[in-house]
Each structure stands twice: as C-alpha cells, then as structure tokens.
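The values are calculated or read from the model by the stated rules, or taken from the named source; none is laboratory data. Values in this document were obtained by computation on a predicted structure and should not be read as measured data. Quick reminder, even Gly has a Cβ in these numbers, built from the backbone with ideal geometry, and neighbours come from all protein chains shown. Areas reflect the complete protein model, heavy atoms only, side chains present, ligands, DNA and RNA absent. Shrake-Rupley method; radii C 1.70, N 1.55, O 1.52, S 1.80 Å.
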Amino acid sequence: MISGKKVVLGITGGIAAYKSVEVVRRLVEGGAHVAPIMTSGAKRFIGEVTLSALASEPVKSSLWDEDDPIPHTTLGQEADVILVAPATARLIGTYAAGISNDLLTATLLASRAPVILCPAMHTEMWEHPAVQENIRTLQNRGVTIVAPEDGKLAGGDEGKGRLASPSAIVSAVEQALTLDDLAEFKILITAGGTREQIDPVRFITNKSTGKQGYALAEAAVARGATVTLVTTVDREAPIGVEIQHAESASDLRSAVMSCADNYDVIIMAAAVADFQPSLPADRKLKKSQQITNLEIEPTHDFLIDLGKGKSSNQIIVGFAAETEELEKNAKEKLERKNLDLIVANDVTAPGTGFAYDTNEVLLITGQGKTNVPLASKRVVADKILDAVLGLRESKV
Ligand SMILES: Cc1cc2nc3c(=O)[nH]c(=O)nc-3n(C[C@H](O)[C@H](O)[C@H](O)COP(=O)(O)O)c2cc1C
C-alpha cells in the first residue's frame, strides 16, 4: 500500500522523538520513500545522523537550504502524505494558526497532500483547551489526528499523551494513501439553490450556497471518483471535477435526467425549489402591476423519478433540510421517494445547514441511522461518502 509513495515525515521536539526512528524503519521497510524534516527542537532530542541513515534521503531542517532554493514547495508538492510524529503542542498551534516559521510548517502550508499528526505531550498540555481547540480546528480542515495513548509519560507520570504506537501510525499512513476507495465510482452531485424566474430581473430562490455539494465533489474526487457537479452557483470548481451549470429546477432536472443512467451514485445536495411562478413574465414587471398576486405552481419532483427509475446497483442520495420533526420527516421522504440514503439536517440548529462552513446531519438508510456531529462540510462529505460505500458493498 505504501510502496513507492513519498512520505514527508516531520519530527518535532518532544521526548517521543526517538520513537520516530522506528516509524521511519517500518515505512522504509514497506517500500515508502521517506523524506525527513527535523525541527531544531527535534535535534535536541535525537541525532540527525540516525534519521538520515535510516530514511530514504538526508534530513532537511532549513528553509534556507543551499541545494534547493524553495525546499518547502518541493517537499509539499511531491508528498503523497505528510506525517508529523511526534507533533508538539507548538507545531499543532502554529499549523492551526497558519503560521509558517520553519521548514516543517512552511511545507505543511504549501501542500495539498493528506496530513497526519501524531501528538505527544504531557497530559496537562494535551488537555489544555488551547491545544484541544487547535486539534478540533485541524480536524475540521480534514487533518487526521492519531490520538495519543494513555500510559507512562516522561518523568514517571501516567496519563494520556503518549505517542501512538508505531503500528497505529503506519496504519494511519496506509489508510491515507489508499483513499482511492471510490475509484470505481461515477458520481453525479448537484449543488446550490435553484432560481425560479418571476420576470427577467427577479426570481424566487432559497438560502442554499452550494457549500455542502462542493465539499462532496471535492471529497469524492480526492477519493478517486469520477465526478460531475451540476451547480447553480458560481464558485471555483474543485480540481478534477466536471462542471455543468443550471439555474432553475427545470434546468437542473434536464441536466440530471439526461445522463442519470451513466452514474453509479447520484447525490442531490442542491436545494431544488418546490414551487415556481406559473407564468414568468418575459418583460420586467412594473410596480403598478400586481406582483403581489403572483401565481405559483409546484415544480416537478424529479427526485421521485430518480428513486423509482434507478437501476439495481445505483444509489440515490437525497437531502432533507427540516425545521421540525427531523427524523420523522426525513424517513418519510426516504421511503416515499425510494431513496437509498437521506442526509437530514435541522436548519434551525446553530452552525448547521445553509451558508455555514459546518454541518450536523443525520444519515438515514433502510438499515438504520447515524448521527454525524457538527463538523466542517468536508468532514461531513466524507461521512456521507462512507455511507454510500457501505450501501454499495451491501448491494453487490
Ligand atoms: C525535556 C523536554 C521535553 C519536552 N517534551 C515535549 C513533548 O513531549 N511535547 C511537546 O509538545 N513539547 C515538549 N517539550 C517542549 C518543546 O520542546 C518546545 O515547545 C519546543 O519549542 C518545540 O519545538 P518544535 O515544535 O519546533 O520541535 C519538551 C521540552 C523539554 C525541555
């Protein structure tokens, strides 16, 4: 799994730095190319020579390396994964704050590779609210934290804070590198709120910004899927995602229904209007005209068509934004529309639903429900994709 992959390994200045030697040995034995970066703190705890001898290339420590004028971007771009073991409270705080003040933090910020941090410190440091908040911030950005273990600490104390075992660390690296678990999937995702035209300058819409749909597209493509995003919003597309634009519920329906059969999974994250003006004007309505008597009619519910017309292996995912009786309403929608999974959120809860960068959702399938607590939309996206993967495995 790790053979041929480039692992940039950051080592910071804690007592557990000596354990990084065993981690390097195991990664190299597994066929990985290990590029070590030591902080100046780390060098107070272990010798650079030991790591240079065991790793695949000599230790780098300085941003001002003479051989490579910009070592942080080279390392950041070439990395398949960046692992920091052990990660000090200092490194965690600096990275969470987006500060680049040494080669390791600069490399972390200059990279889009998956990042794994393995904190190690005294229990009081680990439990400090500042450290815990930094950990949550990083987790919400998609960083994997290999939690420290309970056990004997430096100085003879006992408690949480001991570096995770080398096997737990190596298995986190393996997991990060095998995130192509959706490589077989063609996924169609919709995002944003539709606009239903009243006249050429006015429309009916909703509060959706498309953030959850974009996060899903980004997560799915990172996991190897072929992704098409049908969107009503004008945001920068995640790299590797094919984009189609739509404006109204009817546009979205045409775009989705014309190609639905080509996809293994359809995720309807868009907030499609339930109603539209019956007779949109083709000229701007004047104030004097009776806009207040606007006649509206229901839009065609094509999620029902998708649910009813799906092939035996196809997975259809719907969303339910609710303000009351979340689970009951979402379950009813799941069954009535013959969906495989419904992602329900209570849009009255703080930090949840439209426009936020975070979400808290309830995932409901025919088999049961899972609560995904408040987290970034990217983390929620991965949980939704995990559920999709589980459904697919149960179908084939
Ligand atoms: C003996 C000793 C042990 C330390 N162990 C830890 C540790 O386990 N975890 C930690 O976060 N900091 C520890 N520190 C504090 C760090 O070494 C210090 O914050 C340093 O600035 C970290 O630098 P670095 O993150 O650039 O490597 C220790 C300091 C000393 C003197």
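Worth a mention:
Here is a yes/no grid of residues against (1) within 16 Å of the ligand (Cβ to nearest atom); (2) at pLDDT 95 or above; (3) assigned by TED's automatic domain parsing to the domain that holds I135; (4) under 17 Å from A35 (Cβ atoms):
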| residue | (1), (2), (3), (4) |
| --- | --- |
| D65 | no, no, yes, yes |
| I82 | yes, yes, yes, yes |
| P86 | yes, yes, yes, no |
| A97 | yes, yes, yes, no |
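- Which numbered condition G151 fails, given (1) near the ligand (Cβ under 9 Å from one of its atoms); (2) open to solvent by less than 20 Å² (accessible area, probe 1.4 Å); (3) more than 26 Å from the chain's Cα centre (by Cα): (1)
- Breaking point among (1) outside any helix (DSSP H, G or I); (2) under 30 Å from K5 (Cα atoms), for A273: (2)
- Of all residues making up the range 27-47, the number that are in a helix (DSSP H, G or I) and more than 13 Å from the ligand (Cβ to nearest atom): 3
- T190 being in a loop (DSSP other than H, G, I, E, B) and of a type outside the set (A, V, I, L, M): no
- Here A281 does not fit the description of being under 29 Å from the mean Cα position of the chain (by Cα) and among the hydrophobic types (A, V, I, L, M, F, W, C).
- In the range 26-45, the residues that are open to solvent by less than 30 Å² (accessible area, probe 1.4 Å) form Cβ pairs under 7 Å with partners that are of a type in the set (S, T, N, Q) and within 8 Å of the ligand (Cβ to nearest atom), at six or more places apart or across chains, as follows: T39/T12; G41/T12; G41/T88; A42/T12.
- When we screen R136, R162 for residues that are more than 16 Å from the ligand (Cβ to nearest atom) and of a type in the set (K, R), the only hit is R136.
- Residues within the range 92-111 that are within 22 Å of V24 (Cα to Cα) and either in a loop (DSSP other than H, G, I, E, B) or touching a Pro at 6+ places or on another chain (Cβ under 9 Å) (or both), tallied: 6
- Test: residue in the range 212-232 that is more than 19 Å from the chain's Cα centre (by Cα), farther than 19 Å from P114 by Cα and surrounded by fewer than 18 Cβ atoms within 10 Å (Cβ to Cβ): no
- Selection from the range 16-26 of residues that are modelled with pLDDT under 95 and within 16 Å of the ligand (Cβ to nearest atom): none
- Test: residue in the range 110-120 that is more than 11 Å from the ligand (Cβ to nearest atom) and open to solvent by 60 Å² or more (accessible area, probe 1.4 Å): yes
- Single residue of T352, T348, T370 found to be assigned to a strand (DSSP E or B) and on the phi < 0 side of the Ramachandran plot: T370
- Taking the criterion of being closer than 20 Å to V388 by Cα and part of a loop (DSSP other than H, G, I, E, B), the residues of the range 321-339 that qualify are K337, N338, L339.
- Only residues that are within 12 Å of the ligand (Cβ to nearest atom) and over 16 Å from I116 (Cα atoms) were counted in the range 1-15, giving 3.
- Scope the range 48-84; condition outside any loop (DSSP other than H, G, I, E, B) and among the hydrophobic types (A, V, I, L, M, F, W, C); matching residues: V49, L51, A53, L54, L75, V81, I82, L83, V84
- V24 meets the stated requirement of being in contact with a helix residue (DSSP H, G or I) (Cβ under 7 Å, 6 or more places away or on another chain), more than 17 Å from L109 (Cα to Cα) and outside any loop (DSSP other than H, G, I, E, B).
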